[in-house]
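**Q** Just dropping this structure here.
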Amino acid sequence: MTEPTIGAATTAAGRRHRRGRAASERPRRRSRRGAPGETPAPRTLISARALNTPRGRVIYWIVLIAVIVLFTAVFVFPLYWMVTGAMKSSGELARTPPTLFPRHPHPGVYRDAWRRLYLGRFLLNTLEYAVGAWLLQLAVCVPAAYALSKLRPVLGRAVLGMMLATLMIPSTVLLVPLYLTVRDVPLLHANLLNTPFAIWFPAAANAFGIFLLKRFFDSIPGELLEAAAIDGASSWRILWSIVLPISRPIIAVVSIFAVVGVWKDFVWPLLVLPDSNRMTVSVAISSLSEQTPQNILIAALVIASIPAVAVFLLFQRHIMAGLTAGGLKG
Amino acid sequence: MTTTILRKAAPRRSTSRPAGPRRSVSRHAVRRGLSAYGFLCGALICFALFSWYPIVREALLGFQKTNFVGRSEWVGLDNFRRVAGDPAFGSAWLNTLEFTGLALLCGYVLPFVTAVVLNELRHARAYLRFVVYLPVMLPPAVAVLLFKWFYDPGPGLFNQLLHVAHLPGLNWLDSTSTALLSLVIVSTWMNMGSGTLIYLAALQSVQSELYEAAELDGAGLLRRVWHVTIPQTRLILLVMLLLQVIATMQVFVEPYLLTGGGPQDATVSVVYLMYLYAFRFNSYGGGSALGLMLMVVLMVFSAVYLRVTRDGGR
């Protein structure tokens, strides 16, 4: 339950990943030019020798092409079907056999979906929840992780242990009590339903973020910070001008988790934002799905997936690096 | 800002110095502790209100009858009895177990096999990794609704493909025999990317000398996978198994959006039943009782997970 338990596995994985990448990056790039397997790469399951035989080469290319075709069919084709399906008329959608390309494409459906389902408002709502949760989470977790890692107050280890212990409770189990809490916050007696705070505050109590940040801060040499303290810098100043600039990579990872987490979440916004003006885009589309014509609904799905895909295209490297750091999330 | 901080800090240090080393150390420690809790207070408030308090409350709610008008009253095990007497209770657990089993069969084995194959390929790696992870980025509700359209018995994509292959169409979500399997397919499609990439990263750590040695000993391809790849990635495989069990046992979005638990309770999951109790039948006690049962089951896996990650680190 203390920090090294989860840390052991994640650091080991991270280290392995880094080592692995450093070792495999170069040969991969070189091999793009030449024939497969002619590089002195650290061998994998199949040796370079086996790949270099005529038979090995034939099998390699067959497997490669089969994998590319299969992956495209399984993962890209459904998305293609979605994008083109939206542009088909209702009659064409119901046809058997289906048309691979829309006979008379109606790109106007996207505009209709945008207007009829008020997608602009729901996307803005979702953006508001995601950005707010992200900022609040950083504002709460970064100082906390810094204090637990570098200032080490009395009972600091106990506090950290209690925070990490929450990772062991499955999140869906807490839906009911958390809902009741948000509905009537103890001490404050505020009702947060249908306000962004219902998303932001629970998101800020993120033990995993604190864990990732603390583990990173632990690796910053103490001498660096002590030198600054001797020069008279306050703790806040040390955090702001020394720790934060060094910690950009881990802050990027935590930020991506925060934004993607809120963006992908469905159950929690379904429960705490029942007002149809405050819904997230996922909840709104699913609640309107029954009374919407098929092609408009599909167009709405396309529009709702564009931000996620765009974020992925932009931050692909960070997201994939974060996956190995955070893939072992509890 | 810089100058004010520096000016403020400098005199304070000079005044504390004549006071003797011991007192200055303890005062320094107190000040440090106070400022540390200053840094911590935001997190402490958030955790206390939105994490620790709900956890305690969950444990209490299961044994209480809650309504918003009066005070909660203690009812002992009534909530548990009521929930366990529900005819959907048994099928919810069975469905959840079956879903978890099927999801592991597809969603656990498939990413590993995919990762092993991808690791052997020298071309198109970036494309393949991008493509396999693309569905993971979609909001789950979007992916699930997309598959709801594919599952449509009439013009849905899957029956159209079966038709093209001259096979009889299926009733997918409307038949008790295929409904749960349909949920597993969506879930695998939208989640397998992350497992694949994690395994792919883990495979980089397998020592190549072991493959070399195994091959010299005459081990074929499958034997090398079995005797080298799998033992070398054992820890990650085990951790992912536990995490996947914990995640799939909490399945909710798929039954909620695709089937509403039907047909004939064939796809009611434990969390879905919990949702029905708490938010449709207005029985927070019943919902919490179900949640507590699920938590006890999942805590077993969490405990094993803790053990494994601790031992593996040493």
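The values are calculated or read from the model by the stated rules, or taken from the named source; none is laboratory data. Please read these numbers as outputs of a predicted model, since none were measured by experiment. Ideal geometry is used to build each Cβ from the backbone, glycine not excepted, and the neighbour counts take in all protein chains shown.
**Q** Tell me which residues, restricted to region B:144-173, are assigned to a helix (DSSP H, G or I), within 21 Å of residue A:285 (Cα to Cα) and under 28 Å from the mean Cα position of the chain (by Cα).
**A** B:144, B:145, B:146, B:147, B:148, B:149, B:150, B:173
**Q** Same structure, new question: Consider residue B:264 carefully, then state whether it is modelled with pLDDT under 85 and at positive phi.
**A** yes
**Q** Another question about this same structure. Here is a list of conditions, (1) touching a residue at least 24 places away in the same chain (Cβ under 8 Å); (2) under 16 Å from residue A:124 (Cα atoms); (3) over 24 Å from the mean Cα position of the chain (by Cα), and residue A:308 meets all of them except one; can you say which number that is?
**A** For residue A:308, the exception is condition (3).
**Q** If residue B:127 meets every condition in (1) surrounded by fewer than 22 Cβ atoms within 10 Å (Cβ to Cβ); (2) within 22 Å of residue B:227 (Cα to Cα) apart from one, which number is that one?
**A** Every listed condition holds for residue B:127 apart from (2).
**Q** Could you please let me know if residue A:258 is away from every other protein chain (no Cβ under 11 Å) and either in contact with a His (Cβ under 8 Å, 6 or more places away or on another chain) or aromatic (Phe, Trp, Tyr) (or both)?
**A** Here the answer is no, as residue A:258 does not meet what is asked.
**Q** Another one. Only one of (1) loosely packed, with under 13 Cβ neighbours inside 10 Å; (2) out of contact with any Phe, Trp or Tyr (no Cβ under 9 Å at 6 or more places or on another chain); (3) more than 7 Å from chain B (Cβ to nearest Cβ) fails for residue A:97. Which number is that?
**A** Single failed check for residue A:97: (3).
**Q** List every residue pair whose Cβ atoms lie under 6 Å apart, where the two residues are 6 or more positions apart in sequence or sit on different chains, the first residue falls within region A:57-68 and is assigned by TED's automatic domain parsing to the domain that holds residue A:46, and the second residue, located anywhere, is surrounded by 13 or more Cβ atoms within 10 Å (Cβ to Cβ).
**A** A:60/A:36; A:60/A:51; A:64/B:121; A:64/B:123; A:68/B:124
**Q** Scanning region A:138-176 for residues that are over 23 Å from residue A:248 (Cβ atoms) and of a type in the set (Ser, Thr, Tyr), which turns out farthest from the other protein chains (Cβ to nearest Cβ)?
**A** Result: A:171.
**Q** A further question on this structure: Suppose the filter is within 8 Å of another protein chain (Cβ to nearest Cβ) and either outside any helix (DSSP H, G or I) or within 30 Å of residue B:142 (Cα to Cα) (or both); does residue B:201 pass it?
**A** The answer is yes for residue B:201.
**Q** Is there a residue in region A:275-294 that is part of a helix (DSSP H, G or I), over 30 Å from residue A:109 (Cβ atoms) and either more than 17 Å from the chain's Cα centre (by Cα) or within 11 Å of another protein chain (Cβ to nearest Cβ) (or both)?
**A** No - not one qualifying residue is present in region A:275-294.
**Q** Can you name every residue in region B:249-285 that is within 11 Å of chain A (Cβ to nearest Cβ) and hydroxyl-bearing (Ser, Thr, Tyr)?
**A** Correct list: B:256, B:269, B:272, B:275, B:277, B:283, B:284.
**Q** Something else now. Could you go through region A:214-227 and let me know if any residue there is surrounded by 22 or more Cβ atoms within 10 Å (Cβ to Cβ) and within 30 Å of residue B:30 (Cα to Cα).
**A** yes
**Q** Can you tell me which of B:150, B:112 is free of Cβ contacts under 8 Å to residues at least 24 places away in the same chain and surrounded by 20 or more Cβ atoms within 10 Å (Cβ to Cβ)?
**A** The unique qualifying residue is B:150.
**Q** Additional query: Only one residue in A:286, A:247, A:255 is crowded, with 18+ Cβ neighbours inside 10 Å, among the hydroxyl-bearing types (Ser, Thr, Tyr) and without any contact (Cβ under 8 Å) to a residue 24 or more places away in the chain. Which one?
**A** Answer to the check: A:286.
**Q** Looking only at region A:81-94, how many residues end up being in a helix (DSSP H, G or I), at the interface with chain B (Cβ under 8 Å from one of its Cβ atoms) and within 17 Å of residue A:292 (Cβ to Cβ)?
**A** 3
**Q** Only one residue in B:229, B:196 is buried (at least 21 other Cβ atoms within 10 Å of the Cβ) and facing another protein chain (nearest Cβ under 8 Å), so which one is that?
**A** Being buried (at least 21 other Cβ atoms within 10 Å of the Cβ) and facing another protein chain (nearest Cβ under 8 Å) holds for just one of B:229, B:196, which is B:229.
**Q** Are any residues in region A:104-126 touching a residue at least 40 places away in the same chain (Cβ under 8 Å) and not aromatic (Phe, Trp, Tyr), and if so, which ones?
**A** A:106, A:109, A:112, A:113, A:116, A:117, A:119, A:121, A:123, A:125, A:126
**Q** Of all residues in region A:131-154, count the ones that are of a type in the set (A, V, I, L, M, F, W, C) and surrounded by 24 or more Cβ atoms within 10 Å (Cβ to Cβ).
**A** Of the residues in that region, 8 qualify.
**Q** May I ask you to verify whether residue B:183 is in contact with a Lys or Arg (Cβ under 7 Å, 6 or more places away or on another chain) and assigned to a helix (DSSP H, G or I)?
**A** no
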